[in-house]
Every structure is written in structure tokens, then in C-alpha cells.
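Structure incoming, see below.
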Amino acid sequence: MPSLYIVIAVDTEGPLEEKLKDTFQRINDYYAININPSIKNLKNLQNGNYKIPKYEKEKIKEILNPHFLNTFSNWKELNKQTKFIFSKKFRKNYIDNANKEIIFDWYCLDHINFKTNPRKRDLGHHKVYDKYIKYVNKNNFGDQMQWHFHPIPFNLKANSTGNNINFTSSHIEILTRKIIDRNWFPSSFRPTSSIRTDLNLFLEQWIPFDLSNSNIKNYEIQQRKNSRITSVYGLDNDSRGAPIDWSIYNPDVLDTRKKGNLKRYIGRCLNVISYNLAINEKEVIAAFQRSKKHNTLLSVTLHDFRNITNEVNHLFEIIKKVGHKFPNQKFYWSNTVNAFRKCIGLRKQQISAKIKISSNILHINSKNKIWGFQPFLAIQTKMNEYIHDNLIPDSETKWRYSFDKESIELKNIKKIGIAFNNLYGSTIVYVADITKNNYKWKVNKYN
Ligand SMILES: [Zn+2]
């Protein structure tokens, strides 16, 4: 019988500081209203007692919701929350129809290539990933790691987000380092900004699943209502035209929002507690209703630096309430990959490859067809540079690479990494330190 699969995709970014002056600066940035930063003024604004025009008053009240302001500003505080979220005590409060505890997918961000860091994010490769992978590995809940990315903005501020992934090569650097340093590669992606053709085609080469569709009925009306100076309508979370019935679709080659012939699968994902694009009773009813006929993926997103318990309580209240109206429908907590598998009906498939280097040529022979055009080739040089290159495609399962004077010679290389996903959404990563005699390929499989 078809069922509802609920995925919680956490945008996992580490601590984020929000000082009083930051809050008032945001009010100024969003609405051009200059107010003296003080607790008294904050309270008055939160209660709607500060004298400003009614329209702004309501909007400012929303963004000053203590849930958004009380962010965890350092790892010590944030780790306390993480420890609790990874406890049986927390998880057992939220049970699905298989009597299983709630699970989370941690979509991790690396903050790299920034110049300034006004909100004190933890800058550097693997800083966030390393904190969460420890908890995921230590526990058996079924949580997974996945990939979140903010395109680097022109202002190079760590708390801003750009709209062009090619302004820097950070996305390539991040994946290269994840393969070489952590033997890891993602199979699903969550964006922060809108996906345009640059990111669409990049994802299409490597990543089978993404949760980028946040379209809602009356998107335009809601976004216009939200209009702040910094938020131009159509700029953020622009999924206009994408399905709003919780169906999964394949995107168009140029416009991710349209259905098309690309191979990647896009699922719908709404915010939990938010002033826009938020999950609500009506949306959950639509998902349960759809699940009577088709396995259905409902995904929601939230941030690790906010109070996760608040968000989960809010979500679970809605699910329980709506669930009572559908006594014959089952809902299950799921990781992203399994939810897509159930909904699309992907066939299980082995994942492995034979890899060897003979003279200066790398040979990769995959047992089965892979997802995408080529495995991701990652190289760490002896000078500690991390680089990525295209392979020579000989067939759908065979590739070569030439280490030579035009590319890079083997004598200058420390490690080589190769990663790919298969048609079932399983992931495999191979890494070898070729400076060692009789080196072996270290293999990690996920999903
Ligand atoms: Zn983000």
C-alpha cells in the first residue's frame, strides 16, 4: 500500500552569532528603519508597541520571533543541542507508524573562501561535517550526511550568499576535499538560493537527488507580501512553476523549475517554522491525500543553529493532527535516499569498480552503469593542492585519465580519489595514497 515518507533535511551550518546590533542592522537592511539597538526597543518591536507604520510593524514582529533570534553562537552551546537531538530520550517522543523514532539528514555546509566573518561562523573545510559525522556514526538511528552549499557572494562575507556558483570554484574544492580527506561523497543536495542553469548542470553531473522545489500555491503573492529591500521577488527560493502536489520531477536542461529530460530527481521541501514557504496543515493534508495513490515524499528543512526541538514539536503536532484524519494511511520517517527510492521505484543495484594505474594511465571500470556521465576525479598534489579534472569516457562503464606533463605527473601526486553514485542512489568512494609502496584503494560505500 502506498505511504507517506517524511524527510527532515537539516541545513547544517554550525554556530551563527546574532548580536542585538545585528538584529537591528537587519531591520535597517530589510526595511530602512533605523532604530537604536536596545533590549527595550526589541521587546517593544516584538510586542508591536513600537511606533512604526502598521505594515512594517507586522513584518518586523515576524522576523523578531525569538525562535529566529536565539541562535546558537558557539560550538559549546550548539553541541549541547546536538547531543540532545542524538539521544534516545529526544527521538522516542516522535514515533512513526512503524514505531520507529524520528531521523534526520544533515546537509552540511563548508564555509570557505570568505574574507570577513561578521556572524562568527566556523570557517574552514570539514569544520561542520566533522562535528556531525561523529554523532551520526556513534548512533544507529539511520541519519545520513548530505550536501548543502551557499554560492560565494561578491562581498565575500561568510553570512551572505551569492547566486553564481562559478564566481569561485568552492563547490569543486569542497567535493574534492570531501573525497580525499573524508572518503565521502553526497547523493543528495539542498540549495539555499535559487538553482539556475549553472548549478543545475553541475548537480546533474554527480548528484541523483535534490530537495530544491519549494514552490507553493500563490508563491508570487506571498513573496511580494514579504517584500524587504534586500529580498527581490523571484531571487530566493525561486521554484515558480514547479509541481506543488508533492510529486517528484526531472528538471529541464536550462530551467530547473520546469519538468524536462534531465536524469536528476527533484523533491519538494518546505520550511518548518518560517515567515515564508512554511509547512502547514493544508500542505500535510495534500501529502497524506496523495499518498493514498502514490508513495509520496514530504520533506521539510530547518537550521541546526536554531532550536530544533521547537521545530520538530511544531511539525509533529501538524502530522499527528492530520494523521488522525487519514487513519488508513501510514507515514514513515525516512532519509532522503530511501524516500526517493520508494517514490520512484528504483531497482537495487550493486556498486563497485576496478581501478588500476598502469604506467601513467588511470583505468576505472565500473561493474554497472553509474549515475551521471563520469565518476568524480579528485587529486591531492604533494604541494597540498586539491584539484579535479574530467576523465576520458570510453564507454558507459569505462574511463581513463592520463597523468602527464599537460595535466599532472604521477610523481607530483600524493592521493587520488574517485567517487560516484549508481542508479539506485548508492555511493562509493575510492582513495589511495600513491606515494606508499604497494598502496591499496580504500573503499567506502554509503546507502
Ligand atoms: Zn544555508
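Read-outs: derived from the displayed coordinates by stated rules, not from any lab. Keep in mind the model is a prediction, meaning the values are calculated, not measured. We place every Cβ from the backbone using ideal geometry, glycine too, and count neighbours over all the protein chains shown.
Nearest 10 degrees is fine. How inclined is helix 54-63 to the longest principal axis of the chain, computing both from alpha carbons?
40
Something else: Take the Cα coordinates of the stretch 1-158, assign each an equal point scatterer, and use the Debye formula without solvent to give log10 I(q)/I(0) at q = 0.16 Å⁻¹.
-1.03
A further question follows. Given charges of +1 on the Cβ of Lys and Arg and -1 on the Cβ of Asp and Glu, with all other atoms neutral, how large is the dipole of the chain about its Cα centre, in debye to the nearest 20?
Values: 71 positive and 41 negative charges, 238 e Å.
That gives the chain a dipole magnitude of about 1140 debye.
Here's something else I'd like to know. Return an integer: the convex hull volume of the alpha-carbon atoms of the stretch 353-446, in Å³ per residue.
Working: hull volume 9.0 nm³, N = 94.
Per residue, the Cα convex hull of the stretch 353-446 comes to 96 Å³.
Compute the long axis of helix 127-138 from its Cα atoms, compare it with the longest principal axis of the Cα atoms of the chain, and write down the angle in degrees, 0 to 90, nearest 10.
The helix 127-138 is inclined about 80 degrees to the chain.
Give the dimensionless ratio obtained when the Cα radius of gyration of the stretch 88-229 is divided by 2.2 N^0.38 Å. Before the final figure, lay out the partial values.
Working: Rg = 17.3 Å, N = 142, 2.2 N^0.38 = 14.5 Å.
Dividing the Cα radius of gyration by 2.2 N^0.38 Å gives 1.20.
Semi-axes of the equivalent ellipsoid for the stretch 194-327, please: Cα gyration tensor eigenvalues, times 5, square-rooted, ordered largest first, whole Å.
Values: eigenvalues 122, 78, 40 Å².
The equivalent ellipsoid of the stretch 194-327 has semi-axes of 25, 20, 14 Å.
Determine the principal axes of the Cα atoms in the stretch 184-263, then give the extent along each, sorted from largest to smallest and rounded to whole angstroms.
Cα extents, longest axis first: 39, 26, 21 Å.
Let me ask something additional. By the scheme Lys and Arg +1, Asp and Glu -1, what is the net charge of all other residues having a beta-carbon under 14 Å from that of Val322?
Values: positive: Lys282, Arg290, Lys292, Lys320, Lys321, Lys325, Lys330; negative: Asp96, Glu281, Glu283, Glu317.
With Lys, Arg at +1 and Asp, Glu at -1, the net is +3.
Can you pull the three principal axis extents for the Cα set of the stretch 82-159, in Å, largest first?
48, 21, 18
While we're on this one: Averaging over every viewing direction, what projected area does the convex hull of the Cα atoms of the stretch 280-353 cover, in nm²? Please list the in-between numbers first.
On the way: hull surface 27.5 nm².
One quarter of the hull surface, i.e. the mean projection, equals 6.9 nm².
Using every alpha carbon pair in the chain, what percent of pairs falls into each 20 Å bin from 0 up to the bin containing the largest distance?
23, 56, 19, 1
Now a separate question. Between the helical axis of 20-31 and the dominant principal axis of the chain, each derived from Cα atoms, what acute angle in degrees is found, rounded to the nearest 10?
80
Separate question: Given labels modelled 7 Å from the Cα in the Cβ direction, how far is it in nm from Lys88 to Val232?
5.4
Mind giving me the FRET efficiency for Asn368 and Asp29? R0 is 56 Å, r the Cβ-Cβ distance, nearest 0.05 is fine.
Working: r = 51 Å, r/R0 = 0.91.
With R0 = 56 Å, the Cβ-Cβ based efficiency is 0.65.
Report the extension gain between Lys134 and Lys330 in nm, rounded to one decimal, defined as 0.36 nm multiplied by the number of residues separating them, less their alpha carbon distance. Don't jump to the answer; show the numbers that get you there.
Details: separation 196, 0.36 × 196 = 70.56 nm, distance 3.16 nm.
Full extension of this stretch gives 67.4 nm more.
Which net charge results for the neighbourhood of Ser352, defined as the other residues with beta-carbon distances under 13 angstrom from its beta-carbon, given Lys and Arg at +1 and Asp and Glu at -1? It would help to have the intermediate numbers written out before the result.
Numbers: positive: Lys354, Lys367, Lys369, Lys445; negative: none.
Cβ neighbours under 13 Å give a net charge of +4.
Sketch the reach of a paramagnetic label on Asp394 as a point 7 Å from Cα along Cα-to-Cβ, and name the residues of the stretch 432-447 whose backbone nitrogen lies under 20 Å away.
441
When a/c is below 1.5 the answer is rounded, else prolate if a/b is larger than b/c, else oblate, so apply that to the stretch 20-68 with a ≥ b ≥ c taken from the square roots of the Cα gyration tensor eigenvalues. The partial results should precede the final answer.
Working: a/c = 1.21, a/b = 1.08, b/c = 1.12.
Note, shape of the stretch 20-68 comes out rounded.
Sort out for me the Cα centre separation of the stretch 230-252 from the stretch 411-444, rounded to whole Å.
That distance is 36 Å.
Kindly write out, for the stretch 83-90 in residue order, the coupling ³J(HN,Hα) from the Karplus curve 6.51 cos²θ - 1.76 cosθ + 1.60 (θ = phi - 60°), rounded to whole Hz, with x marking Gly and Pro.
Whole-Hz 3J(HN,Hα) from phi for the stretch 83-90: 4, 5, 5, 8, 9, 4, 4, 6.
Against the empirical 2.2 N^0.38 Å scaling, what ratio does the C-alpha Rg of the stretch 279-403 come to? Display every interim value, and only then the final one.
Values: Rg = 22.5 Å, N = 125, 2.2 N^0.38 = 13.8 Å.
Taking N as the residue count of the stretch 279-403, the ratio is 1.64.
Now, a different point. Give me the percent relative contact order of the stretch 353-446, please, defined on Cα pairs under 8 angstrom at least 6 residues apart. Could the numbers behind the result be given before it?
Working: 183 pairs, mean separation 23.3, N = 94.
RCO, the stretch 353-446: 25 percent.
Pick from Tyr129, Tyr249, Tyr30 the residue whose mean-square fluctuation is largest in a GNM of the chain, springs joining Cα atoms under 10 Å.
Among Tyr129, Tyr249, Tyr30, the largest GNM mean-square fluctuation belongs to Tyr30.
For the residues Leu262, Leu211, Leu254, Leu270, what sequence is obtained by ranking on other C-beta atoms within 10 Å, fewest first? Spell out each step's value before the answer.
Working: Leu262 18, Leu211 28, Leu254 12, Leu270 23.
Listed from fewest to most nearby Cβ atoms, that is Leu254, Leu262, Leu270, Leu211.
Let me ask something additional. Provide the gained length on full extension for the span Ile39 to Lys382, in nm with one decimal, where the gain is 0.36 nm per separating residue minus the Cα-Cα distance.
Full extension from Ile39 to Lys382 adds 118.1 nm.
Of Lys354/Lys415; Lys348/Lys440; Lys282/Lys325; Lys80/Lys131; Lys19/Lys43, which pairs sit farther than 20 Å apart, going by alpha carbon to alpha carbon? Don't jump to the answer; show the numbers that get you there.
Numbers: Lys354/Lys415 17 Å; Lys348/Lys440 28 Å; Lys282/Lys325 12 Å; Lys80/Lys131 12 Å; Lys19/Lys43 15 Å.
Violating the 20 Å limit, Cα to Cα: Lys348/Lys440.
Give me the extension gain from Asn313 to Asn280: residue separation times 0.36 nm, minus the current Cα-Cα distance, reported in nm with one decimal. Spell out each step's value before the answer.
On the way: separation 33, 0.36 × 33 = 11.88 nm, distance 1.30 nm.
Full extension of this stretch gives 10.6 nm more.
Can you tell me the FRET efficiency between Glu101 and Gln222 if r is taken as the Cβ-Cβ distance and R0 is 51 Å, rounded to the nearest 0.05?
Details: r = 33 Å, r/R0 = 0.66.
That pair, Glu101 with Gln222, gives E of 0.95.
Looking only at the chain, where both bridge partners belong to it, what percent of the DSSP beta bridges are antiparallel (to the nearest 5)?
Numbers: 41 of 74 bridges.
Percent antiparallel among DSSP bridges in the chain is about 55.
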